[in-house]
Amino acid sequence: MKKQFFYFAMGAVALTACTSEEVVDVSVQSNAIGFENAVMKQSRADAQVGDLTTDNLDKFMVYGYYTKDGQTANPIQVFGGDAVTKQNGAWTYSGTRFWVPDATYSFFSYSCADVALDNNYGTVGLDLNATGADRQLIITNYRCDAHHNHDLIYAQNKEIKALPKTEENPTPNANVSFKFSHILTKIDAVFTSEFSSDYDIVIKDVRIENFRNIGTFSQTKGWGTTPDRDFRLESNISMRMEFGTADGVGVANASQTNIAQKPKTLARYVIPYKYNYTDVQLLFTIELYKGKNHTAENLVMSRNMEGHWSPKWEQGYYYTYNITLTGTVANLQPIVFEVAQDMNDWTPSTSTATDISFSAN
């Protein structure tokens, strides 16, 4: 867990990031290359609708190849994006493959909301033209925005030596485990009001804009460091951060007690990227009402708010943006008091004055 505090146009924003642990372990067993039940783990407490977890993962795609001794330059692909699905608690796929004795295998897997990627949202391929450890799965031009927004998990297990089957040992090959990790960034936003409890605030149309929405992933490089090659920013990119049940959500005053939960947007997924400039925008509409009756007569103001910041979105991290709303932020004129006349002078004391000195340690 790490915390960062920074400011932008909407007021104080606290950023909290938590690393994502494993999602699920999946095992491949002996003679026939097959998939067993997942090793069940507790779902993370911060899992939300849309997250892939042990409990809801029903399908993943597998790529794999092997090489024979003395023929490492000639990889043989045995899985090419085959769907492995859970049926009655067991993992299964079409077309059984078998271990080739003494061959060395490498397996790669991903899942994107239990569906395979296509050319519209990204292409996936096994790079077998590379050599040795550089052979890897590459997800090219992955799209992550309002048009395509899902959790994306990835795992690999490489350099597995297949053992021959014998009468003494009919299942010589140990299980091969996939340990999936989240490879996108998850974000959401929480709103708090510092207005007097006499005022009600309603937040509408929360969205982020001007973020990089297309990128390329590989295990060795992650999401890359060369924006011109690995990332794309399409024009007019905007992604809504809905609250789920309603477009407009009331924001409780921070000083009020017995508040069950602050209004929080649903989580969205973005491509990890460290922005050097304040390119990304967070926008929303604020409505301020006098009292609890949200009528036109009680509407004090309605204004579109906009903030710019340079997020450092890291792979597998979950960021919650805590947005505090104040009168200054809302561009309202505050009620100011002043002293209109000179106050009375102090009445001199007849006692002896004493000087006291303070020093800082």
Counting only the heavy atoms of the protein chains, how much of ILE237 is accessible to a 1.4 Å probe, in Å² to the nearest 10?
20
What accessible surface, in Å², does a 1.4 Å probe find on TRP99, ignoring ligands, DNA and RNA and rounding to the nearest 10?
20
If unit charges are put on Cβ atoms (+1 for Lys and Arg, -1 for Asp and Glu) and the dipole of region 113-197 is taken about its Cα centre, the option from TYR121, PHE178, LEU152 lying farthest towards the positive end turns out to be PHE178
In the full protein assembly as shown, how much of ILE138 is accessible to a 1.4 Å probe, in Å² to the nearest 10?
50
Which of THR92, THR278, THR216 is most accessible, then next, and so on - probe 1.4 Å:
THR278, THR92, THR216
Two-site FRET efficiency, ALA73 against ALA174, from Cβ-Cβ distance with R₀ of 22 Å, rounded to 0.05
0.25
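Working with all protein chains in place, sort SER181, SER111 by solvent-accessible area computed with a 1.4 Å probe, largest first.
Working: SER181 50, SER111 0 Å².
Sorted by accessible area, descending: SER181, SER111.
The values are calculated or read from the model by the stated rules, or taken from the named source; none is laboratory data. Computed from a prediction, not measured in an experiment: that's the story for all the values here. When we count neighbours, we look across all protein chains shown, and the Cβ atoms used for this are built from the backbone with ideal geometry, even at glycine. Keep in mind that these areas ignore ligands, DNA and RNA; they rest on the heavy atoms of the full protein, side chains included. Shrake-Rupley method; radii C 1.70, N 1.55, O 1.52, S 1.80 Å.
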